[in-house]
Amino acid sequence: MKARSGFVVAFLPFVLPLVAVAQSPRTSQTSVDPEPPSLQRVLAKADHTDNPLASILVVNQELPLGPLDVLHGYQNEMTLIAQTMSTELAGISQALRGNRMTREQAEYLIQERYQIAMMQYQALSAMHDGLE
């Protein structure tokens, strides 16, 4: 038994490289996709002239927004609120300088715009913090 084991162990390093070279590389002649094609791909290749229902089944696939996209959207909206308020305050200030409104009216409009902007900003900020 020991002689046979020794014989196998002695010739194994010489035989394995020859066996590896003798084997042909494994290439499959038919490539099989692991996943079937999506319905949109199949319908895109199909001829829609003979089947009017096929055009109904074609759906524009939109990716849902991820959490980071929603966070960036909230940040953009908060920036837009600040810019809008700044523009409104500049308009009120110009109207006051042009004597188109009284000081009391300008103060009232500024206070109103400020409160609206703060409510919008706080709501977006709360949603932003909740998502973070």
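For the reader, a short list of remarks on this structure follows.
- Filter result (among the aliphatic types (A, V, I, L, M), modelled with pLDDT under 65 and surrounded by 13 or more Cβ atoms within 10 Å (Cβ to Cβ)) within the stretch 38-89: Leu43, Ala46, Ala54, Leu57, Val58
- Enumeration of residues in the stretch 90-115 that are in contact (Cβ under 8 Å) with a residue 12 or more places away in the chain and open to solvent by less than 100 Å² (accessible area, probe 1.4 Å): Ile92, Ser93, Ala106, Leu109, Ile110, Arg113
The values are calculated or read from the model by the stated rules, or taken from the named source; none is laboratory data. Here the structure is a predicted model, which means the values were calculated and not measured. Cβ coordinates were reconstructed from backbone atoms using ideal geometry, including for glycine residues, and neighbour counts include every protein chain displayed. Note: accessible area is taken over every heavy atom of the protein model, side chains too, but ligands, DNA and RNA are not part of it. Shrake-Rupley method; radii C 1.70, N 1.55, O 1.52, S 1.80 Å.
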